[in-house]
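Working notes for the structure below.
The values are calculated or read from the model by the stated rules, or taken from the named source; none is laboratory data. Since the structure is predicted, the reported quantities are computational estimates derived from the model, not experimental observations. Cβ placement follows ideal geometry from the backbone for every residue including glycine, while neighbour counts extend to all protein chains displayed. Just the protein is used for accessible areas: all its heavy atoms, side chains included, with ligands, DNA and RNA removed. Shrake-Rupley method; radii C 1.70, N 1.55, O 1.52, S 1.80 Å.
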Amino acid sequence: MPFLATALDRVKPSATIAVTDKARELKAAGRNVIGLGSGEPDFDTPANIKLAAIHAVEAGKTKYTAVDGIPELKEAIIAKFQRENGLTYKPNQIIVGTGGKQVLYNALMATINPGDEVIIPAPYWVSYPEMVALAGGESVPVVCTAEHGFKLQPAALEAAITPKTKWIILNSPSNPTGAAYSRAELKALTDVLVKHPHVWVMTDDMYEHLVYDDFKFTTPAQIEPSLIDRTLTVNGVSKAYCMTGWRIGYAGGPSPLIKAMATIQSQSTSNPCSIAQWAAVEALNGPQDFIPANNKVFKERRDLVVAMLNQATGIDCPRPEGAFYVYPSCAGTIGKTTPGGKKLETDQDFVTELLEAEGVAVVQGSAFGLGPAFRISYATKTSDLEEACKRIQRFCGNLR
Ligand SMILES: Cc1ncc(COP(=O)(O)O)c(C=O)c1O
């Protein structure tokens with residue numbers, strides 16, 4: 001009898017965490033490594049949010065809370081959805097979890113039966129297909145090419161829907177491409193979804209605030225209010241509020257779904273950290289002015305990285321609308337040989353050789369479902385980004 005669960009056979013470890021670990025290992029061994037693998041802002045959590053946590057500790061708010069979140073945080077989330085997205089939710093339609101990741105996981109665990117299909121536009125965040133697999137479902141990746149800005153086309157969505165489709169997962173702005181759907185692009189998709197009432201919409205809006213060049217963020221239930229009864233709108237404080245380590249994510253959705261998710265949470269992790277919840281209340285209700293200030297820096301970095309990568313031989317880097325990732329194609333380097341005599345056959349070879357030769361850690365596109373490409377996170381010091389891009393230029397220039 002095997003000791004480990006067979007469910008593990010269906011799941012791969014995270015490729016992005018693997019790259020970050022490898023870069024850390026090389027650094028510890030004394031190599032000069034620039035890690036562009038990890039998806040978290042280099043900015044510190046704003047001081048008012050930290051203070052709210054300190055006050056919570058001092059006030060003894062250190063006990064178990066309601067499993068699905070303290071009422072004060074639910075109210076702050078309800079106000080946020082109303083103010084920023086025009087969505088109206090009641091407290092029993094809101095759940096708070098230990099990061100957006102747990103919220104997404106709970107939703108899939110609460111709804112997937114064997115054979116249920118989940119449509120996932122590719123390139124996708126690495127965890128979606130693995131979570132679907134853990135829940136016993138089938139992911140249906142739909143490739144969205146750079147030609148279409150890495151965005152799902154309505155006809156491709158229509159073609160992917162079957163009687164077994166339970167969810168479509170949308171993620172705009174996207175990890176890993178940074179692509180974000182305009183209102184018109186999203187409307188074209190919701191028009192398709194309106195015709196298929198058995199399909200539910202899981203929208204991962206984690207990068208909502210990280211958009212540039214006057215891009216206007218919208219979310220499916222806002223554009224097509226009739227979808228509200230079958231949409232789970234997922235968000236969190238990790239990215240825009242520089243709170244990745246605090247582990248607070250949340251969602252709004254129909255109360256029977258939220259209740260089922262809370263049941264799963266109640267028998268696994270219970271309430272998210274009480275202190276982090278109080279910090280999240282301050283994040284959502286407090287001043288928001290650091291967000292545009294951070295975005296100004298992110299936009300400058302995006303423009304720098306896109307310009308420098310497009311000067312590298314064999315690299316083609318689109319300019320995305322948001323998040324803090326770019327997703328350049330390295331198709332022009334495949335088939336070439338490094339000075340050490342290694343022929344690049346895949347994007348995995350590209351990232352391995354780049355790390356070996358130049359000490360730059362990026363993640364291969366094949367991990368996100370579309371290659372040959374790689375993902376760069378530009379949530380890193382600008383001087384490091386500049387140096388990393390110079391090294392990528394040199395690496396590509398040395399290929400024959
Ligand atoms: C698209 C996307 N969704 C969800 C998450 C999870 O966020 P959290 O750190 O709040 O669990 C991430 C984090 O990398 C992400 O990129």
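The figures follow:
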{"quantity": "Dipole of the chain, positive direction: furthest Cα of I315, S139, P46, with charges on the beta-carbon", "calculated": "P46"}
{"quantity": "Check: the chain dipole with +1 on Lys, Arg Cβ and -1 on Asp, Glu Cβ, in debye", "calculated": "300 debye"}
{"quantity": "Candidate aspartates and glutamates - alpha carbon under 17 Å from K164, same-chain residues fewer than 8 apart omitted", "calculated": "D116, E117, E138"}
{"quantity": "Long-range lysine pairs (8 or more apart or interchain), segment 292-400, Cα under 24 Å", "calculated": "8"}
{"quantity": "Solvent exposure, largest accessible area first (probe 1.4 Å, DNA, RNA and ligands not counted), of E58, E138, E185, E130", "calculated": "E58, E138, E185, E130"}
{"quantity": "Computed over segment 69-191: relative contact order in percent, which uses C-alpha pairs under 8 Å that are six or more apart", "calculated": "21 percent"}
{"quantity": "Contact order relative to length of the chain, as percent, for alpha carbon pairs under 8 angstrom and 6 or more apart", "calculated": "22 percent"}
{"quantity": "Accessible surface, per residue, of the chain when the full set of protein chains is kept, probe 1.4 Å, Å²", "calculated": "42 Å²"}
{"quantity": "Most mobile listed residue (V96, V306, V194) in the chain, GNM with C-alpha springs under 10 Å", "calculated": "V194"}
{"quantity": "Sequence of Y250, Y105, Y64 from largest to smallest accessible area, 1.4 Å probe", "calculated": "Y64, Y105, Y250"}
{"quantity": "Extension gain (nm, one decimal) between N48 and S268, 0.36 nm per residue minus Cα-Cα", "calculated": "76.1 nm"}
{"quantity": "Listed residues I54, I264 arranged by accessible area, highest first, probe 1.4 Å", "calculated": "I54, I264"}
{"quantity": "Carbon plus sulfur fraction of accessible area for the chain, probe 1.4 Å, in percent", "calculated": "56 percent"}
{"quantity": "Normalised alpha carbon radius of gyration of the chain [divisor 2.2 N^0.38 Å]", "calculated": "0.99"}
{"quantity": "Long-range amide H partners of G236 with built H, under 5 Å", "calculated": "Y250"}
